[in-house]
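Below is one structure, written out as structure tokens, with a few remarks after it.
Laboratory data are not the source of any read-out in this text; all were calculated from the coordinates shown. Note that the structure is predicted; figures quoted are calculated from it, not measured. When we count neighbours, we look across all protein chains shown, and the Cβ atoms used for this are built from the backbone with ideal geometry, even at glycine.
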Amino acid sequence: SLCSERKISSDNAAFVNSQKKTTIWELCGSGTVVTILRLRPGTSILPHCGTTNARLIMHFPLIGSDGVKFVVGDETVMNYGGGDGHPIVFDDSFEHHVYHEGTEDRFVVLAVLGHPDLM
């Protein structure tokens with residue numbers, strides 16, 4: 001019934017309002033939460049680190065993952081571990097870099113996620 005739906009919505013709103021508020025800046029160090037990244041064949045992204053360990057980064061490869069070497073800390077993954085459509089999630093506070101030795105442009109959806117151990 002409409003009354004019970006309102007009660008559920010009211011309860012959900014109370015729960016959400018009772019949770020610790022985390023701003024985008026605290027989570028990401030920037031205002032970006034989701035974006036699409038392009039990397040051309042024969043190029044690389046130099047080693048770098050994120051701004052905080054309070055987040056995780058997800059790369060969801062749309063196309064062009066063949067020939068991509070992704071390094072996080074001392075772990076190396078080729079072709080995103082399973083190719084296009086197989087996401088990886090990593091803590092970008094560890095040094096990471098990418099080499100694109102494939103033949104087509106790589107496009108990934110990058111999403112910033114809250115670190116589940118810190119939320």
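Ordered from longest to shortest, the equivalent ellipsoid semi-axes for the stretch 62-108 are 18, 11, 9 Å, each the square root of 5 times a Cα gyration tensor eigenvalue. Calculate, in whole percent, how much of the Cα-Cα pair population of the stretch 37-96 lies beyond 14 Å. Tail of the P(r) past 14 Å holds 57 percent of the pairs. Loop-resident GluC sites (Glu not before Pro) (DSSP state other than H, G, I, E or B) in the stretch 27-102 with no more than 12 further Cβ atoms inside 10 Å of their Cβ are absent.
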